[in-house]
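To keep things clear, I will list the structure first and then write my remarks on it.
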Amino acid sequence: MKIEIKHSLEAQPETTIIPISGESLSEALPSIAAETGIDTHQLFADFKAEPAEVHLLYRSASSRYFLLGLGEKPDFPQVLRAFRSFAFKWRQKLEPAIGISFLHHNSQGWPANWTEAAANGLILGTYTTGKFKTSGDDDHPFRSPDASLTLLTEAAEAAAARTAAERGQMVAETQMAIFDLVNAPSNKKLPTDLGDWALQSGERHGFSVRVLDKQQIERTGLQALLAVNQGSPSPPVFIIMEYRPRNAGDASLPKVGLVGKGVTFDTGGLSIKPSTNMHLMKSDMGGAGAVLGAMEISARLQLPVHLIGIVPATDNSVDALSVKPGDVIGSYSGKTIEVIDTDAEGRLILADGLAYLIQQYQPEILIDLATLTGSTVRTFGYHAAGLFTQNDKLAEALSRIGEHTGERLWRLPLWDVYKEDLKSDVADVRNFSGKPVAGAINAAKFLEVFTFDHKAWVHLDIASVAFGDSEFASQKSATAYGVRLLLEFLSEVQKLDYGS
Ligand code: BES
Ligand code: ZN
Ligand code: ZN
């Protein structure tokens, strides 16, 4: 998609969207009424700038305006949602050339990051989940290379608007690639496919990728990952990615480690899950999706950070060879684990991912993302992820950024009283307390054992937000939760004070 800039409405494409907030209504509507020859009172009666409200006006026989409501006092996620929902509802009628006019917004101006939200939402709205339909309804003309987005803006704002729109476009491309991965059924995304995805992305966007195969995983001693995989016909992979900006030279950059849970399908193993919602467990690699997406977008935007991304990937299968409840397994850290419940598999593979990352790379900040517990779904519904850390500054920064991007986070405790529940009589630690309480906290407490008291470790339990209902699909679908959150976090991490 090409991005063009114009300064006057005379040069607009046939289809132009005019975003209008409640606040800017009184300035915008009279000029639009004058241009289109519509009675001002009529226009005020018909259009209230409610969130995502759309009003279609013909300016001439071949040129139309879509007035797009943003709500009274919009913020970044509201602008994004309005554009995304517009593009989704009108996707069958949109031509490959679309304009957005910022000329009608009120005199207080239009922040550049709203342009990013607008471009991002417009592109995301054309995404469909029908990849495997034979009717081939997956490709939208607006996503073709010939498509164009014209920004109608004041000359002084043109450069910032272009940069913002390009960023919105790039992020949308990566987010849609992650939608595809997380939405893919498990038979179309074996662990090796996640490895191939990482290799391809690294090659295209300039970050290094190593994919350890089963033999290398055995030699490396990632025993917890191997235990989860032992009932599976598909071998595991352990993906190691590293990114540094091209022209970083000797500049000292913060070293950030990311670990994402890559369970390509979670049957529960021998502690098998009920069948009703088991199909949703193809999304149990949502954490891996966030990490893969963050690597890709960091490289594309050349963010000022030294980033290491780890994805342990396997499915969790039922088989005669599967790990059994009560089994004692080893782990990369050297600690032994009693597997009480084979459905608590995510924390096992993360234990190896975290310990490996810390021992091999000594990151200054360490964040893991995982669709780890049903407990977060029961706690938050589908509206927030659980945040766990002993580091108040990181908790504050990530919560603030999540609020801004529309990826809400809510902090839960890591008090040591919860450690009691993970004591095992036969091994160093057990993977489940055996009690149906405090599920998300116990899982986080288990992970903590493998972080060697790292002072800037954050665990995000994204089971409640990675895959959910939305107005953009009739069934639950991928959200790419975490990609934008990490992008914004990594953009500012160099300036962040996270010392506790
Ligand atoms: N992948 C699931 C968690 C999950 C649940 C993700 C719902 C998305 C939606 C995880 O591996 C799991 O099964 N967790 C168990 C742990 C329990 C056995 C200790 C859970 O939360 O019930
Ligand atoms: Zn599970
Ligand atoms: Zn799982």
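The values are calculated or read from the model by the stated rules, or taken from the named source; none is laboratory data. From a predicted model like this one, the values you see are computed outputs, not experimental measurements. Glycine gets a Cβ as well: all are built from the backbone with ideal geometry, and neighbour counts include every protein chain shown. SASA here: full protein model, heavy atoms, side chains in, ligands and nucleic acids out. Shrake-Rupley method; radii C 1.70, N 1.55, O 1.52, S 1.80 Å.
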List the residues, sorted by chain then number, that are 5 or more residues from GLU50 or on another chain and whose placed amide H is less than 5 Å from its amide H. GLY71
In region 136-215, GluC sites (Glu not before Pro) in a DSSP loop with at most 15 other beta-carbon atoms within 10 Å: GLU154
Counting Lys and Arg as +1 and Asp and Glu as -1, each charge on the Cβ, what is the dipole of region 1-106 about the Cα centre in debye, to the nearest 20? 460
With 0.36 nm assigned to each residue of separation and the Cα-Cα distance removed, LYS335 to SER399 gains 19.8 nm
Classify region 376-427 from the C-alpha gyration tensor, please: rounded if a/c falls under 1.5, else prolate or oblate depending on whether a/b exceeds b/c. oblate
Nearest 5 is fine: what % of DSSP beta bridges in region 1-121 come out antiparallel, could you say? 45
Leaving out ligands, DNA and RNA, and with a 1.4 Å probe, what % of the accessible surface on the chain is carbon or sulfur? 50
The ³J(HN,Hα) series, computed from each phi in region 365-376 with the Karplus coefficients 6.51, -1.76 and 1.60 at θ = phi - 60°, rounded to the nearest Hz and given as x for glycine or proline, is 10, 9, 10, 10, 10, 7, 7, 8, 9, x, 4, 5
With a 1.4 Å probe and all protein chains left in place, how much accessible area per residue does the chain have, in Å²? 41
Starting from 0.36 nm per residue, how many nanometres of slack lie between ARG204 and GLU72 once their C-alpha separation is accounted for? 43.4 nm
Between LYS89 and SER491, how many nm apart are label points set 7 Å from Cα along the C-beta direction? 2.8
Roughly how many debye, to the nearest 20, is the charge dipole of region 264-376 about its Cα centre, given +1 on each Lys and Arg Cβ, -1 on each Asp and Glu Cβ, and no other charges? 180
Rounded to whole angstroms and listed largest first, the alpha-carbon spread of region 112-248 along its three principal axes comes to 60, 47, 22
Compute the relative contact order of region 164-243 as a whole-number percentage, counting only Cα pairs closer than 8 Å that sit 6 or more residues apart in sequence. 33
Would you mind calculating the relative contact order of region 368-500 from Cα pairs under 8 angstrom and at least 6 residues apart, reporting the percent as a whole number? 38
Could you tell me which trypsin sites (Lys or Arg not before Pro) in region 3-67 are loop residues by DSSP with no more than 14 other beta carbons within 10 angstrom of their beta carbon? LYS48
Find which of HIS404, LEU394, TYR418 sits farthest along the positive direction of the dipole of region 388-441, computed with +1 on the beta-carbon of Lys and Arg, -1 on that of Asp and Glu, about the Cα centre. HIS404
Bin width 5 Å, alpha-carbon pairs only: give the P(r) of region 416-459 as whole percents, running from 0 to the bin holding the largest distance. 5, 23, 33, 23, 13, 4, 0
To the nearest 20 Debye, how big is the dipole of the chain about its Cα centre, given +1 on the beta carbon of each Lys and Arg and -1 on that of each Asp and Glu? 460
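Quick one: work out Rg over Rh on the C-alpha atoms of region 120-180, Rh as Kirkwood radius. Don't jump to the answer; show the numbers that get you there.
Details: Rg = 13.8 Å, Rh = 13.0 Å.
The Rg/Rh ratio comes out at 1.06.
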Pull out a ≥ b ≥ c, the square roots of the eigenvalues of the alpha-carbon gyration tensor of region 36-88, then state rounded if a/c is under 1.5, prolate if not and a/b is larger than b/c, and oblate in the remaining case. oblate
Using only Cα atoms, find the angle between the long axis of helix 76-89 and the longest principal axis of the chain, and express it within 0 to 90 degrees, rounded to the nearest 10. 80
Once the dipole of the chain is set up with Lys and Arg at +1 and Asp and Glu at -1 on Cβ about the Cα centre, which of TYR65, ASN113, GLY499 lies farthest towards its positive end? GLY499
Compute the helix-to-body angle for 158-183: its Cα long axis versus the longest principal axis of the chain, expressed 0 to 90° and rounded to tens. 40
Round to the nearest 10 and give me the degree value, 0 to 90, for the angle of helix 483-492's Cα axis relative to the longest principal axis of the chain. 90
If contacts are Cα pairs under 8 angstrom and at least 6 residues apart, what is the relative contact order of the chain in percent? 14
Quote the FRET efficiency, to the nearest 0.05, computed for ASN277 versus TRP410 with a Förster distance R0 of 30 Å and r equal to the Cβ-Cβ distance. 0.80
Which whole-Hz couplings ³J(HN,Hα) result when phi for each residue of region 18-25 is put into the Karplus expression 6.51 cos²θ - 1.76 cosθ + 1.60, θ = phi - 60°, listed in order with x for Gly and Pro? 10, x, 9, 8, x, 4, 9, 3
Based only on Cα atoms, what Rg/Rh ratio does region 209-316 have, Rh being taken as Kirkwood's radius? 1.07
Can you give me the pair-distance distribution of the chain, C-alpha pairs, 20 Å bins, whole percents? 23, 51, 22, 3, 0
Please list, in order along region 413-421, the HN-Hα scalar couplings obtained from phi with the Karplus expression 6.51 cos²θ - 1.76 cosθ + 1.60 (θ = phi - 60°), rounded to whole Hz, x for Gly and Pro. x, 10, 5, 5, 4, 6, 4, 3, 5
Cα→Cβ-extended label distance, 7 Å offset, between ASP453 and ALA11, nm: 6.3
Ranking ARG143, ARG219 from most to least accessible area with a 1.4 Å probe gives ARG219, ARG143
Set the Förster radius R0 to 45 Å, insert the Cβ-Cβ distance between ARG219 and GLU420 as r into 1/(1 + (r/R0)^6), and round the FRET efficiency to 0.05. 0.80
